[in-house]
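Reading through the structure tokens given below for one structure.
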């Protein structure tokens, strides 16, 4: 694993060479579910999955450009892939936790 020096961080804490879409998760527009078209929890979940999909797509294109030799900055490509891996690990952990909690609720009701 490569650790970047502090000088690689931009003014807003973003990593130079990566666009903000590659270094952050899209904000949720309506976390309260208050009657918006987002559909409350379902809308938030959809937005999170769309953000995860965008992260995975960015990592796939970065890995492809790195493999074909067209990448101008290999560190950015590696960071995009690592970011996507962490996002997928988080999504998987959340899925496992939610599944376990739902199963526990079913056991309580039985």
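Assuming residue 7 fulfils every condition listed in (1) assigned to a helix (DSSP H, G or I); (2) modelled with pLDDT of 55 or more apart from one, which condition is it?
The single condition residue 7 does not satisfy is (2).
Within segment 24-34, does at least one residue satisfy the condition of being buried (at least 17 other Cβ atoms within 10 Å of the Cβ), at negative phi and at pLDDT below 95?
No, segment 24-34 contains no residue that is buried (at least 17 other Cβ atoms within 10 Å of the Cβ), at negative phi and at pLDDT below 95.
Check 75, 80, 91 and return the single one that is modelled with pLDDT of 90 or more, surrounded by fewer than 17 Cβ atoms within 10 Å (Cβ to Cβ) and in contact with a helix residue (DSSP H, G or I) (Cβ under 6 Å, 6 or more places away or on another chain).
After ruling out the rest, the residue left standing is 91.
State all residues of segment 50-72 that are over 10 Å from the mean Cα position of the chain (by Cα), within 17 Å of residue 91 (Cβ to Cβ) and exposed (fewer than 14 other Cβ atoms within 10 Å of the Cβ); if no residue qualifies, say none.
Residues satisfying the conditions are 57, 60.
The values are calculated or read from the model by the stated rules, or taken from the named source; none is laboratory data. Source: prediction; values computed, not measured. For neighbour counting, all protein chains shown are included, and Cβ atoms are generated from backbone atoms with ideal geometry for every residue, glycine included.
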